[in-house]
Ligand code: SER
């Protein structure tokens, strides 16, 4: 049975991934690592162990890993793309210096490490459609620069020290549980909240701007499946393209109108978000993930929309 530490367990991915991992590996085997000010609550707090574990504090990570005999670290601490542009030094400190801390602890204690990369690791020179697994990246945001660095640093620790590092490039993640904060793709979550509240949605991203997106259950499945994958099948290690749907704002609006015909959208484009979105691919080619570890998403735009509207309506009632 794995002994897992989730760093960033109260964040957008961590709050759901921690519960998913507890369901698979046993509550007591999954430690929720959090920072002061973002304490776990409710089921997350009550169902299993929790420890303060700031990714910028190498000593604290080592202490938690030794105390709990951790063999696998999910390192989810990061700032999203828009907020990182206003705090570039902090984004680097958390994303890159933080990963360095995690990798050193992993090297010393024999842990496997999962770290999310992103569609943000690509840039304007990247082929936009069916973006290949191995291609030019050269992002223009500090978020993307730090994500490319995490892919390379993780590969380095694998090649040099044999640390079992693995990662995926997540698209925009859509969930009805913990909202994202400060990302370019956040509109695709906010739009469902507006629809359920009966409000008109003011979209910060221009019509016609395509980005890859994914429903959280598929994202969680990717985290588990990749870390369970037979290492002898892995040609790649860090930065697997994964994809399940690509759409522009008008299409998500249409999908919502199938359930809420009166739903309305207007556009008030945010210059920073739009410049970031325009520098990212339209859709990724995820054939390497499918071939090397059987990546196979379940949700498309229609099935995600039906589920989001149903779950959010219950939650907001
Ligand atoms: N959701 C992220 C963002 O928008 C991209 O990976 O910043």
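Here, each number is a calculation from the coordinates, and none is a lab measurement. Everything quoted here is computed from the prediction, not taken from an experiment. When we count neighbours, we look across all protein chains shown, and the Cβ atoms used for this are built from the backbone with ideal geometry, even at glycine.
Filter the range 140-164 down to residues that are touching a strand residue (DSSP E or B) at 6+ places or on another chain (Cβ under 9 Å) and within 11 Å of the ligand (Cβ to nearest atom) and give me whichever is nearest to residue 83 (Cα to Cα).
Only one residue tops the list, namely 143.
Show me the strands (runs of 3 or more DSSP E) found entirely inside the range 18-89 where at least 2 residues are within 30 Å of residue 122 (Cβ to Cβ).
Filter on the range 18-89 gives 72-75.
Read through the list (1) over 30 Å from residue 28 (Cβ atoms); (2) surrounded by fewer than 24 Cβ atoms within 10 Å (Cβ to Cβ); (3) in contact (Cβ under 8 Å) with a residue 12 or more places away in the chain; (4) over 15 Å from the mean Cα position of the chain (by Cα), then give the number of the only condition that residue 139 fails.
(2)
For the range 165-273, give me every one of the strands (runs of 3 or more DSSP E) that falls completely inside it and has 3 or more residues that are in contact with a strand residue (DSSP E or B) (Cβ under 9 Å, 6 or more places away or on another chain) and within 16 Å of the ligand (Cβ to nearest atom).
In the range 165-273, the matching strands (runs of 3 or more DSSP E) lie at 168-170, 172-174, 211-215, 245-247.
Any idea how many residues of the range 75-107 are surrounded by 15 or more Cβ atoms within 10 Å (Cβ to Cβ), more than 16 Å from the ligand (Cβ to nearest atom) and either without any contact (Cβ under 8 Å) to a residue 40 or more places away in the chain or at positive phi (or both)?
Summing the residues that are surrounded by 15 or more Cβ atoms within 10 Å (Cβ to Cβ), more than 16 Å from the ligand (Cβ to nearest atom) and either without any contact (Cβ under 8 Å) to a residue 40 or more places away in the chain or at positive phi (or both) in the range 75-107 gives 1.
Return a yes/no flag: does the range 56-69 have any residue that is surrounded by 17 or more Cβ atoms within 10 Å (Cβ to Cβ), away from the ligand (no atom under 14 Å from the Cβ) and under 26 Å from residue 185 (Cβ atoms).
So far as the range 56-69 goes, no, none of its residues is surrounded by 17 or more Cβ atoms within 10 Å (Cβ to Cβ), away from the ligand (no atom under 14 Å from the Cβ) and under 26 Å from residue 185 (Cβ atoms).
Just checking, how many residues over the range 108-130 are touching a strand residue (DSSP E or B) at 6+ places or on another chain (Cβ under 8 Å), under 19 Å from residue 167 (Cα atoms) and either in a helix (DSSP H, G or I) or more than 14 Å from the ligand (Cβ to nearest atom) (or both)?
6
Please verify whether the range 275-292 includes one or more residues that are surrounded by 22 or more Cβ atoms within 10 Å (Cβ to Cβ) and over 20 Å from residue 180 (Cβ atoms).
Yes: the range 275-292 contains one or more residues that are surrounded by 22 or more Cβ atoms within 10 Å (Cβ to Cβ) and over 20 Å from residue 180 (Cβ atoms).
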